[in-house]
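One structure is given below, encoded as structure tokens.
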Amino acid sequence: MKNKNIFWLYIFLFAALADMAFIIKDIPTLRIYSKPLIITSLIIYFYKITKPVSWTLLSKATLGALVFSLLGDFLLLWNHLFIYGIGAFFLAQVCYIIAFKVGQRNPNRIVGVNFIRTFFFNLPIYILAAWVYFLIHQNLGSLKIPVVLYIIVIVSMVSTARERFKKCNPESFWQVFIGASLFFISDGIIAISRFYRDFPEADVTIMGTYIIAQLLIIMGIRSYLIRPE
């Protein structure tokens, strides 16, 4: 891991702060440059730190999640492309599910898994997702099926992140799990502000939680690649 790769984290930070500033100042035209740069810099950083260390299914799935996230970020800059943005992020969540699943000890082990206990551990995630759906379902219209499918996949993503507990090093688990949870919160706020009730702080809150989420997930995967135990 060369120190010069940190340069891309500085670009990430610069792009994130610039994008937040453009939101606060209400300059949407400049976000065409700042928003895609956030994930682009993270893609370059992740590629540079993982290529020499471990170019495996975990690395490829994580990079795929970032690429689809970048596509989703770009599409969501325009309201009329919202459905395509959902599709891109759907694929990003599928990639993260694969990454979280293989980024743990004995990923294919089913024997000995207590499914009832797992269900109750995941129950708060299910309840929050059901609550968001309850708030927005009447206003979904033709987007009901895509939104339901997306809710299912992001709940699965967070659940898979939680199931890594004690199956990887603690730093990797907590960074990935907190990141996945913030991703879930960010998307929940998008759903509420778009389909239930908008509020002035929505855009800043959405991007703030999303930016931290992506960074934490990448750092968590990095931690696992360095110390897969």
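The values are calculated or read from the model by the stated rules, or taken from the named source; none is laboratory data. Since we're looking at a predicted model, the values are computed, not measured. Note that each Cβ is placed from the backbone with ideal geometry, even for glycine, and that neighbours are counted across all protein chains shown. Note: areas computed on protein heavy atoms with side chains; ligands, DNA, RNA excluded. Shrake-Rupley method; radii C 1.70, N 1.55, O 1.52, S 1.80 Å.
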Selection within region 182-229 - more than 20 Å from K60 (Cβ to Cβ), among the aromatic types (F, W, Y) and assigned to a helix (DSSP H, G or I): F184, F195, Y210
Subset of region 214-229 [surrounded by fewer than 22 Cβ atoms within 10 Å (Cβ to Cβ) and either among the hydroxyl-bearing types (S, T, Y) or closer than 14 Å to Y96 by Cα (or both)]: L215, L216, M219, R222, S223
Tally, over region 24-45, of residues that are surrounded by 15 or more Cβ atoms within 10 Å (Cβ to Cβ) and more than 19 Å from the chain's Cα centre (by Cα): 1
Residue that is farthest from C95 (Cα to Cα), among those in region 155-181 that are part of a loop (DSSP other than H, G, I, E, B) and in contact (Cβ under 8 Å) with a residue 12 or more places away in the chain: N169
Any chance W131 is open to solvent by 50 Å² or more (accessible area, probe 1.4 Å), within 26 Å of L70 (Cβ to Cβ) and among the aromatic types (F, W, Y): no
Condition broken by W8, with the remaining ones in (1) under 18 Å from V204 (Cβ atoms); (2) touching a residue at least 40 places away in the same chain (Cβ under 8 Å) satisfied: (1)
Among (1) touching a residue at least 24 places away in the same chain (Cβ under 8 Å); (2) of a type in the set (G, A, S); (3) farther than 20 Å from I39 by Cα - the single one S223 does not satisfy: (3)
Odd one out for V94, checked against (1) assigned to a helix (DSSP H, G or I); (2) at positive phi: (2)
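So which residues in region 80-90 are open to solvent by 50 Å² or more (accessible area, probe 1.4 Å), more than 14 Å from F183 (Cα to Cα) and in contact (Cβ under 8 Å) with a residue 24 or more places away in the chain?
Selection gives I83 alone.
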Search result, residues across region 46-79 that are aromatic (F, W, Y), open to solvent by 10 Å² or more (accessible area, probe 1.4 Å) and either in contact with a helix residue (DSSP H, G or I) (Cβ under 8 Å, 6 or more places away or on another chain) or touching a residue at least 12 places away in the same chain (Cβ under 8 Å) (or both): Y47, F68, F74
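Can you spot a residue in region 3-19 that is within 16 Å of the chain's Cα centre (by Cα) and surrounded by 13 or more Cβ atoms within 10 Å (Cβ to Cβ)? Quick ask: steps written out before the conclusion?
Step one: filter region 3-19 for residues within 16 Å of the chain's Cα centre (by Cα), giving 12, 16.
Now narrow it down to the ones that are surrounded by 13 or more Cβ atoms within 10 Å (Cβ to Cβ): 12, 16.
The answer is yes, given that some residue of region 3-19 is within 16 Å of the chain's Cα centre (by Cα) and surrounded by 13 or more Cβ atoms within 10 Å (Cβ to Cβ).
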Residues that are over 22 Å from S223 (Cα atoms) and aliphatic (A, V, I, L, M), drawn from region 137-168: L140, L143, I145, V147, V148, L149, I151, I152, V153, I154, V155
Count of region 134-175 residues which are open to solvent by 80 Å² or more (accessible area, probe 1.4 Å) and closer than 18 Å to I97 by Cβ: 3
